[in-house]
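First comes the structure, then the notes that go with it.
The values are calculated or read from the model by the stated rules, or taken from the named source; none is laboratory data. These numbers were taken from a predicted model, which means no experiment stands behind them. No Cβ is skipped: glycine too gets one built from the backbone with ideal geometry, and neighbour counts run over all protein chains shown.
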Amino acid sequence: MNKGGDTGRSTKQRYLDTMGILRWQLREPSLPENVQQADEETGVPALSVSPDGDDAGQEITEIARLDWDALRSRVSECTACELHTSRTQTVFGVGNQNADWLVIGEAPGADEDAQGEPFVGRAGQLLNAMLLACGLKREQVYIANILKCRPPNNRDPRPEEVASCEPYLMRQIELIQPKLILAVGRIAAQNLLQCDTPIGKLRGRVHRFRDTGIPLVATYHPAYLLRSPAEKRKAWQDLQLAMQVVREAAS
């Protein structure tokens with residue numbers, strides 16, 4: 001038991017301190033003035049996959065019918081793009097398969113490629129602290145990426161790689177049926193919303209994920225926040241917005 005100077009200091013405040021946000025009190029989230037319940041600027045079009053031929057279309061149909069175990073197995077054996085030649089292993093995703101929160105990042109890095117789990121490096125530690133500031137343990141959410149394999153040298157995903165992995169992610173979303181998608185980072189947000197709008201303009205409002213109607217909140221990637229700690233307060237505003245969305249969905 002802690003009998004020192006931290007007595008009375010809340011657990012959430014300690015995790016906010018870890019994020020670099022000092023002396024903040026967790027308050028009822030309030031929507032910024034520029035929040036829109038549906039993002040008319042980006043449009044959020046319905047999912048459109050353009051398979052190259054009947055075989056690809058059949059594969060997408062098959063993936064859309066897989067359960068969790070079969071989907072994981074399919075991903076582990078995937079050779080749909082060139083990334084399979086350089087990966088150590090696939091990074092399927094981890095967490096509660098019935099989670100209210102689905103956190104989606106860009107792609108595995110070196111640590112994730114080695115361990116087979118998303119967000120396990122320094123950025124992952126910060127993501128854990130961000131979730132704990134919202135009252136959530138890592139195990140309570142589901143965490144996935146746009147890509148299931150690491151791009152060489154951590155380069156940005158290529159369009160054909162995203163297209164190859166998209167059916168897997170879409171099936172995960174369908175199986176989870178989350179109350180919220182939290183898109184972390186520019187690459188994740190732009191691919192999910194199918195736009196090229198800067199992340200600074202995508203954050204701070206509620207989007208709808210294509211034709212599913214699932215609320216989507218975009219925020220900065222934890223790796224960016226490690227490089228730019230001054231932006232952590234904006235990320236906390238995004239998390240407050242995400243918490244409000246989930247509360248409203250539950251009411």
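Output yes when any residue across segment 75-93 is within 12 Å of the chain's Cα centre (by Cα) and at negative phi, and no when none is. Can you show your working first?
Quick first cut of segment 75-93, residues within 12 Å of the chain's Cα centre (by Cα) only: 93.
Retained after the next criterion (residues that are at negative phi): none.
Checked against the condition, which is being within 12 Å of the chain's Cα centre (by Cα) and at negative phi, segment 75-93 yields no hits at all.
Taking the options 114, 188, name whichever one is touching an Asp or Glu at 6+ places or on another chain (Cβ under 6 Å) and assigned to a helix (DSSP H, G or I). Even if it seems obvious, please write down each step before you answer.
On the way: 114 fails: touching an Asp or Glu at 6+ places or on another chain (Cβ under 6 Å).
Exactly one of 114, 188 is touching an Asp or Glu at 6+ places or on another chain (Cβ under 6 Å) and assigned to a helix (DSSP H, G or I), namely 188.
Residue-by-condition table, conditions (1) among the aliphatic types (A, V, I, L, M); (2) farther than 23 Å from residue 234 by Cβ; (3) modelled with pLDDT under 95; (4) part of a loop (DSSP other than H, G, I, E, B):
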{"position": "84", "(1), (2), (3), (4)": "no, yes, no, no"}
{"position": "99", "(1), (2), (3), (4)": "yes, yes, no, yes"}
{"position": "102", "(1), (2), (3), (4)": "yes, no, no, no"}
{"position": "108", "(1), (2), (3), (4)": "no, yes, no, yes"}
{"position": "123", "(1), (2), (3), (4)": "yes, no, no, no"}
{"position": "130", "(1), (2), (3), (4)": "yes, no, no, no"}
{"position": "135", "(1), (2), (3), (4)": "no, no, no, yes"}
{"position": "139", "(1), (2), (3), (4)": "no, yes, no, no"}
{"position": "149", "(1), (2), (3), (4)": "no, yes, no, yes"}
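Name the residues in segment 103-155 that are surrounded by fewer than 18 Cβ atoms within 10 Å (Cβ to Cβ), under 20 Å from residue 215 (Cβ atoms) and touching a Lys or Arg at 6+ places or on another chain (Cβ under 9 Å), would you?
Of everything in segment 103-155, just one residue is surrounded by fewer than 18 Cβ atoms within 10 Å (Cβ to Cβ), under 20 Å from residue 215 (Cβ atoms) and touching a Lys or Arg at 6+ places or on another chain (Cβ under 9 Å), namely 135.
Being of a type in the set (D, E, K, R) and either out of contact with any helix residue (DSSP H, G or I) (no Cβ under 8 Å at 6 or more places or on another chain) or closer than 22 Å to residue 72 by Cβ (or both) is the filter here; which residues of segment 109-136 pass it?
Once the filter is applied, which keeps residues that are of a type in the set (D, E, K, R) and either out of contact with any helix residue (DSSP H, G or I) (no Cβ under 8 Å at 6 or more places or on another chain) or closer than 22 Å to residue 72 by Cβ (or both), segment 109-136 yields 111, 112, 113, 117.
Taking the residues in segment 206-251 that are in a loop (DSSP other than H, G, I, E, B) and touching a helix residue (DSSP H, G or I) at 6+ places or on another chain (Cβ under 8 Å) as candidates, determine which candidate is surrounded by the most Cβ atoms within 10 Å (Cβ to Cβ).
Ranking the candidates gives 221 first.
Which members of segment 151-168 meet the condition of being in a helix (DSSP H, G or I), under 12 Å from residue 107 (Cα atoms) and not acidic (Asp, Glu)?
Matches in segment 151-168: 152, 153, 154, 162, 165.
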